[in-house]
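Engineer: Quick one: the structure is below, questions incoming.
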Amino acid sequence: MSKSNVSDDFAIEAVNLVKKFGDLRVVDGISLKVPRGSIYGFLGPNGAGKTTTIKMLATLLRPDEGSARVMGFDLTNDANHVRQCISLTGQFASVDEDLSGLENLILIARLVGFSRKGALSRAKDLLKAFDLEDAAKRQVKKYSGGMRRRIDIAASIVTSPDLLFLDEPTTGLDPRSRNQVWDIIRALVRNGTTVFLTTQYLEEADQLADRIGVIDHGKLIAEGTSKELKASVGAGRLTVHMNTVEDLAKARRILQEMTDDQVEIDERLLRLVVHIANHIDAATAISRLVTENLQISDFSMGQPSLDEVFLTLTGKTTGQSESNEEVSNVDQAG
Amino acid sequence: MSTKQDDYPDLHKVLILTQRPRRPGPLSASLTLGWRALLKIKYVPEQLFDVTAFPVIFLLMFTYLFGGAIAGSTGEYLDFVLPGILVMSVTMITMYTGMDLNKDIQKGIFDRLRTLPFWRPAALVGALLVDAVRYLLASTIMITLGYILGFRPGNGFGGLALGVLLLLIFAFSLSWIWTFLSLVVRTEKALMGISMLILFPLTFLSSVLVDTSTMPEWLQSIVDVNPITLVVDAVRGWVHGTVTNQEIYTVLIVSLGIIVVFAPLTMYKYRNKN
Ligand SMILES: Nc1ncnc2c1ncn2[C@@H]1O[C@H](COP(=O)(O)OP(=O)(O)OP(=O)(O)O)[C@@H](O)[C@H]1O
Ligand SMILES: [Mg+2]
């Protein structure tokens, strides 16, 4: 492997970073360490300060307080060296939408120092690797969302950076494109790149990241592996829809016996929600309902949503109602 | 979930790049970014409309509207006014440099470029190089049309060429003001508004359309220190062979002064843009 991940150095070591816009402390004292060769997931709702943090770490914004070393170089005093080892895929298309995919990649290859010929062949290789050969000559503004994200990432690895920042790489993508992007990220890390990514989805952080930091109002409110984080939140929840009000009441009694938590009940939707530790307990619960001859119309097992993580960590909601319930949705016919 | 390596079989290959090329020189980086601006013209040729239409409309309008009234005959007036309108058109077109940059800033490409390790000013110098092409195009169109209408440079085409060159230098310096503004002003509309606010009085309160000696004295004293007047006088002088060294130096010094002030300001803002 070509990368210098032999040492146990950190790719990012930030101490007490602060960024103010006017009176607002948008990033309010963030300290974090990202080991080389790992994926760090930065999780937070809209406006939490994710992009602002990334921009500081990528030399685009000067921190008002605090300091950081990125790939061993001081962020403020050695910005040029930092720039040589990093790459940024911004939250919004970070290529020139008026140009074709090929032209964009040539542009960047030339700007990092490739010769004319070298730039062309590098661009072609990248297009091939990202499955964009057919769209090479098309303007990026005519790409689909998934293709855009791929060309964005391709543009970021023209020189295989040691550290790649990805700002919400999968927001707005359908599940297939999202999986493609995940595969690409995993492949990058296998080749020694360190990845720092932001996301609004716990599931994404869970799938990809070695460590997760949860940010809210500019502060890191929790940090750890996804396991640690989920343990602090509770593993997941089981949602059951019943056919009749009578069955709903009975089902509630049964489920309540299985847990210490309060079972949430919604009589209008004929729905029960219960926090449950794992899939085995969930299966046990469902089979007990079935044994009692109760009519289940539909049930699903979901990971805790970002909302729930926040509820647990901060005692308040994010104001979003998105959840990742489709993890193992099963329809039951009668 | 598909986590197999073979989803992107070539990905592994492109990722093993042991050698990082050396960062490009300032000239190479500027030319590359100039190439980008040229490509944009290729995709959106309509943006050349301003460059071609402005000069044509201005020339026809002013020649026939004012020609009879101001100079007695349109032919004579054309010889006088063409260098003026040339300066006016090119000056107006310089605004677009700022607007293009402003559009970039609102998109992610601006941040991407700023994380690449090339010579910072190249992003602006490259764009300005291509703008020079636009200015040249506008000048050529106007001079050609003028020639058809009866314009004859008294100093031959050599003088005309030198006049245009002087104008390009001035336009280049002026562009730095717009690039600076585009980094300070938030929206494209606001930028357009401010640019117009500066340019309109400057171009009309100048010697573009009329000889300053016909103006009331108080106005004359304002108009005579207007940089546009200085440029118009010098260009007109080159075209008709009456230019003095002092006129040339004044324009060069004004241009240099603008660059010395606004280029560092622009670069400072470019580096520290939020
Ligand atoms: N240039 C700026 N000037 C003033 N305020 C800003 C600026 N950039 C960001 N902010 C504010 O800082 C806060 C954090 O913004 P940031 O973009 O970092 O959030 P985020 O976590 O990336 O959110 P999202 O998920 O929506 O992308 C927001 O309230 C935003 O309005
Ligand atoms: Mg953001």
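The values are calculated or read from the model by the stated rules, or taken from the named source; none is laboratory data. Not measured: the values here are computed from a predicted model. In this analysis, Cβ positions are derived from the backbone assuming ideal geometry, glycine residues included, and neighbour counts consider all displayed protein chains. What goes into the accessible areas is simple: the full protein's heavy atoms, side chains included, and nothing from ligands, DNA or RNA. Shrake-Rupley method; radii C 1.70, N 1.55, O 1.52, S 1.80 Å.
Engineer: Mind checking whether some residue in segment A:163-186 is closer than 20 Å to B:LEU116 by Cα, at pLDDT below 90, away from ligand 2 (no atom under 16 Å from the Cβ) and not in a loop (DSSP other than H, G, I, E, B)?
Structural biologist: No, every residue in segment A:163-186 fails to be closer than 20 Å to B:LEU116 by Cα, at pLDDT below 90, away from ligand 2 (no atom under 16 Å from the Cβ) and not in a loop (DSSP other than H, G, I, E, B).
Engineer: For segment A:40-58, which residues satisfy the criterion of being within 20 Å of A:GLN84 (Cα to Cα) and either away from chain B (no Cβ under 13 Å) or more than 9 Å from ligand 1 (Cβ to nearest atom) (or both)? It would help to see each step written out before you state the result.
Structural biologist: As a first pass, look at segment A:40-58 and keep what is within 20 Å of A:GLN84 (Cα to Cα): A:53-58.
Correct list: A:THR53, A:MET56, A:LEU57, A:ALA58.
Engineer: While we're on this one: Out of the residues in segment A:60-96 meeting the condition of being open to solvent by 20 Å² or more (accessible area, probe 1.4 Å) and at the interface with another protein chain (Cβ under 7 Å from one of its Cβ atoms), tell me which one is farthest from A:ILE151 (Cα to Cα).
Structural biologist: Out of the qualifying residues, it is A:ARG62.
Engineer: A further question follows. Against the condition surrounded by fewer than 18 Cβ atoms within 10 Å (Cβ to Cβ) and at negative phi, how does B:ALA190 come out, does it pass?
Structural biologist: Working: surrounded by fewer than 18 Cβ atoms within 10 Å (Cβ to Cβ): yes; at negative phi: yes.
Considered against the rule, which asks whether it is surrounded by fewer than 18 Cβ atoms within 10 Å (Cβ to Cβ) and at negative phi, B:ALA190 comes out as yes.
Engineer: State the number of residues belonging to segment B:97-118 that are among the polar types (S, T, N, Q) and facing chain A (nearest Cβ under 7 Å).
Structural biologist: Of all residues in segment B:97-118, those among the polar types (S, T, N, Q) come to B:97, B:102, B:106, B:115.
Those left that are additionally facing chain A (nearest Cβ under 7 Å): B:115.
Within segment B:97-118, residues that are among the polar types (S, T, N, Q) and facing chain A (nearest Cβ under 7 Å) number 1.
Residues checked against (1) modelled with pLDDT under 90; (2) more than 30 Å from A:VAL27 (Cβ to Cβ):
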residue: A:PRO63; (1), (2): no, no
residue: A:SER94; (1), (2): yes, no
residue: A:ILE108; (1), (2): no, no
residue: A:ALA119; (1), (2): no, yes
residue: A:ALA135; (1), (2): no, yes
residue: A:LYS141; (1), (2): no, yes
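Engineer: Right, next: Kindly list the number of the only condition in (1) open to solvent by 10 Å² or more (accessible area, probe 1.4 Å); (2) within 16 Å of ligand 2 (Cβ to nearest atom); (3) within 19 Å of A:LEU111 (Cβ to Cβ) that fails for A:ARG122.
Structural biologist: Going through (1) open to solvent by 10 Å² or more (accessible area, probe 1.4 Å); (2) within 16 Å of ligand 2 (Cβ to nearest atom); (3) within 19 Å of A:LEU111 (Cβ to Cβ) one by one, A:ARG122 breaks only (2).
Engineer: Let me ask something additional. Are there any helices (runs of 4 or more DSSP H) wholly within segment A:1-111 with 3 or more residues that are within 16 Å of ligand 2 (Cβ to nearest atom) and under 29 Å from A:THR225 (Cβ atoms), and if so which? Before you say what the answer is, go through the steps one by one.
Structural biologist: On the way: elements: A:50-57, A:79-85, A:101-111.
Of the helices (runs of 4 or more DSSP H) lying wholly inside segment A:1-111, those with at least 3 residues that are within 16 Å of ligand 2 (Cβ to nearest atom) and under 29 Å from A:THR225 (Cβ atoms) span A:50-57.
Engineer: Right, something else. On the given criteria, is A:ARG110 touching a Ser or Thr at 6+ places or on another chain (Cβ under 7 Å), open to solvent by 10 Å² or more (accessible area, probe 1.4 Å) and facing another protein chain (nearest Cβ under 7 Å)?
Structural biologist: Yes; evaluated as a whole, the condition is true for this residue.
Engineer: OK, next. Does any residue of segment A:244-252 turn out to be under 26 Å from A:GLY47 (Cα atoms) and either part of a loop (DSSP other than H, G, I, E, B) or of a type in the set (Phe, Trp, Tyr) (or both)? Break it down into steps so the answer makes sense when it comes.
Structural biologist: So in segment A:244-252, the residues under 26 Å from A:GLY47 (Cα atoms) come out as none.
Checked segment A:244-252: no residue is under 26 Å from A:GLY47 (Cα atoms) and either part of a loop (DSSP other than H, G, I, E, B) or of a type in the set (Phe, Trp, Tyr) (or both).
Engineer: A follow-up question, please. Looking at segment A:151-165, can you tell me whether even one residue there is crowded, with 18+ Cβ neighbours inside 10 Å, within 30 Å of B:LYS42 (Cβ to Cβ), of a type in the set (D, E, K, R) and within 14 Å of chain B (Cβ to nearest Cβ)?
Structural biologist: Yes; the residues of segment A:151-165 include at least one that is crowded, with 18+ Cβ neighbours inside 10 Å, within 30 Å of B:LYS42 (Cβ to Cβ), of a type in the set (D, E, K, R) and within 14 Å of chain B (Cβ to nearest Cβ).
Engineer: Do we have any residue at all in segment A:174-194 that's within 16 Å of ligand 1 (Cβ to nearest atom), open to solvent by less than 30 Å² (accessible area, probe 1.4 Å) and in contact with a strand residue (DSSP E or B) (Cβ under 6 Å, 6 or more places away or on another chain)? Give the derivation first.
Structural biologist: To start, the set of residues in segment A:174-194 that are within 16 Å of ligand 1 (Cβ to nearest atom) comprises none.
No, that holds for no residue.
Engineer: Specify which of the listed residues (B:VAL90, B:VAL133, B:VAL81) is touching a Leu at 6+ places or on another chain (Cβ under 8 Å) and either among the small types (Gly, Ala, Ser) or open to solvent by 10 Å² or more (accessible area, probe 1.4 Å) (or both).
Structural biologist: Working: B:VAL90 fails: either among the small types (Gly, Ala, Ser) or open to solvent by 10 Å² or more (accessible area, probe 1.4 Å) (or both); B:VAL81 fails: either among the small types (Gly, Ala, Ser) or open to solvent by 10 Å² or more (accessible area, probe 1.4 Å) (or both).
Going through B:VAL90, B:VAL133, B:VAL81 in turn, the sole match is B:VAL133.
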